Amino acid sequence: MKLNSLQDTTTLHNGVKMPWFGLGVYKVQEGEESLHSVKAAIKAGYRSIDTAALYQNEESVGQAIKESGVAREELFITTKVWNEDQRNDSVLEAFETSLQKLGLDYVDLYLIHWPVKEKYKQSWKVLEQLYKEGRVRAIGVSNFQIHHLEDLLSVAEIKPMVNQVELHPLLAQPELRDYCKKQEIQIEAWAPLGQGRLLEHPVLQEIAAQYNKTTAQVILRWDIQNQIVTIPKSVKEARIIENANIFDFSLTEGDIQKINALNENKRFGADPDNFNF
Ligand SMILES: NC(=O)c1ccc[n+]([C@@H]2O[C@H](COP(=O)([O-])OP(=O)(O)OC[C@H]3O[C@@H](n4cnc5c(N)ncnc54)[C@H](OP(=O)(O)O)[C@@H]3O)[C@@H](O)[C@H]2O)c1
């Protein structure tokens, strides 16, 4: 697999190409902070941006897209429907609001943010409709475990193209990754850097020193060599550039195994089987 540019893509099961690498904007403030981060990322060569209705920064993300000077069709924009809108049966309205805030006429990927019990199958029907109408280029889910996917697939007409989950060296999700691979569902890592908590890990630091790279770069390279789409967040231009500078080296199989061995099924975020929001 060719993995030598920030703009390299994976092909989703419907043929749509999605960059392996993108910028996450969770907890990035609406206004100057989001505008600056997204513009810095696009300037650095990023083509994929991951936002959500929950993040309350879709307007600034949209403004940054417009001001970036990069053609819309070269960008890959993801947003997500929030849990409250699933509970209120207002997924369609939520989509319209996101689109309007982003100032776009389509999004590249629309995700169900969390598997809200008794609701996600119904929500999926709305996403399928949006997909059929051409208002989204791809649809997917987030925080779905294997049993959620099996349940969804029992009624789905269209299989999710992506499952975005918490995934990093301490939560490597090997079973879920295998399952998604078999189902042709592209796995995508949120909190790839463990929300910054993995950067002092001694094993990762040792590997990073060998390649003359930073810990963040080693983790992100581990993602893409494992065919995991990754979307690290930073609001600092130097880190946005640093994080993407992973296309000039390759981890050896031995180092990949060393990182695989760090898995301890440790979550920093909520458990998809037991969340209260
Ligand atoms: N679907 C979901 O439920 C879900 C949940 C959480 C996140 N997400 C998505 O996934 C994206 C990434 O996850 P995340 O933001 O939670 O965590 P993350 O990307 O693992 O980590 C972000 C943290 O690491 C710091 N950081 C980034 N690059 C660094 C570097 N090179 N050196 C040192 N520190 C660095 C950032 O600080 P600075 O900003 O100060 O640089 C920030 O505090 C989110 O932004 C969001 O788009 C999705």
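The values are calculated or read from the model by the stated rules, or taken from the named source; none is laboratory data. Note that the structure is a prediction, hence the values are computed from the model and not measured. Neighbour counts run over all protein chains shown; Cβ positions are idealised from the backbone, glycine included. Calculation scope for accessible area: heavy atoms of the full protein, side chains included, ligands and nucleic acids excluded. Shrake-Rupley method; radii C 1.70, N 1.55, O 1.52, S 1.80 Å.
Look at region 1-20: where a residue is farther than 18 Å from Ala41 by Cα and a partner is exposed (fewer than 14 other Cβ atoms within 10 Å of the Cβ), sitting 6+ places away or on another chain with Cβ atoms under 8 Å, you get His13/Glu184; Lys17/Thr11. The set of residues from region 236-263 being buried (at least 16 other Cβ atoms within 10 Å of the Cβ) and more than 16 Å from the ligand (Cβ to nearest atom) comprises Leu251, Asp255, Ile256, Lys258.
Being among the aliphatic types (A, V, I, L, M) and either within 11 Å of the ligand (Cβ to nearest atom) or not in a strand (DSSP E or B) (or both) is the filter; apply it to region 172-197 and report the residue that is nearest to the chain's Cα centre (by Cα). The residue in question is Ala189. Residue count for region 92-112, restricted to those that are within 16 Å of the ligand (Cβ to nearest atom) and open to solvent by less than 10 Å² (accessible area, probe 1.4 Å): 8.
Please indicate, with yes or no, whether at least one residue in region 148-161 is of a type outside the set (Gly, Ala, Ser), more than 19 Å from the chain's Cα centre (by Cα) and open to solvent by less than 30 Å² (accessible area, probe 1.4 Å). Looking through region 148-161, at least one residue is of a type outside the set (Gly, Ala, Ser), more than 19 Å from the chain's Cα centre (by Cα) and open to solvent by less than 30 Å² (accessible area, probe 1.4 Å). Taking every residue in region 213-237 that is in a loop (DSSP other than H, G, I, E, B) and pairing it with any residue that is of a type in the set (Phe, Trp, Tyr) and more than 11 Å from the ligand (Cβ to nearest atom), at least 6 positions away or on another chain, the pairs with Cβ-Cβ distances below 8 Å are Lys213/Phe249; Ile231/Phe21.
Close Cβ contacts (under 6 Å, 6 or more residues apart or on different chains) running from residues in region 65-83 that are over 18 Å from Phe95 (Cβ atoms) and of a type in the set (A, V, I, L, M, F, W, C) to residues that are open to solvent by 10 Å² or more (accessible area, probe 1.4 Å) and not in a helix (DSSP H, G or I) comprise Leu75/Arg47. Checking the stated criteria, Gln164 turns out not to satisfy the condition of being open to solvent by 30 Å² or more (accessible area, probe 1.4 Å), within 10 Å of the ligand (Cβ to nearest atom) and in contact with a strand residue (DSSP E or B) (Cβ under 9 Å, 6 or more places away or on another chain).
Just give me the residues in region 205-223 being crowded, with 20+ Cβ neighbours inside 10 Å, more than 12 Å from the ligand (Cβ to nearest atom) and of a type in the set (A, V, I, L, M), in sequence order. Selection gives Ile207 alone. For region 112-130, the tally of residues that are in contact (Cβ under 8 Å) with a residue 60 or more places away in the chain and not aromatic (Phe, Trp, Tyr) stands at 2. Is region 226-235 home to any residue that is open to solvent by less than 70 Å² (accessible area, probe 1.4 Å), more than 11 Å from the ligand (Cβ to nearest atom) and either within 25 Å of Met18 (Cβ to Cβ) or modelled with pLDDT of 95 or more (or both)? Yes, region 226-235 contains a residue that is open to solvent by less than 70 Å² (accessible area, probe 1.4 Å), more than 11 Å from the ligand (Cβ to nearest atom) and either within 25 Å of Met18 (Cβ to Cβ) or modelled with pLDDT of 95 or more (or both).
Based on this model, can you work out whether Gly45 counts as over 30 Å from Lys182 (Cα atoms), in contact (Cβ under 8 Å) with a residue 60 or more places away in the chain and more than 14 Å from the ligand (Cβ to nearest atom)? So Gly45 passes the test. Filtered by the rule that a residue be more than 19 Å from the chain's Cα centre (by Cα), small (Gly, Ala, Ser) and part of a helix (DSSP H, G or I), region 93-121 gives a lone residue, Ala94.
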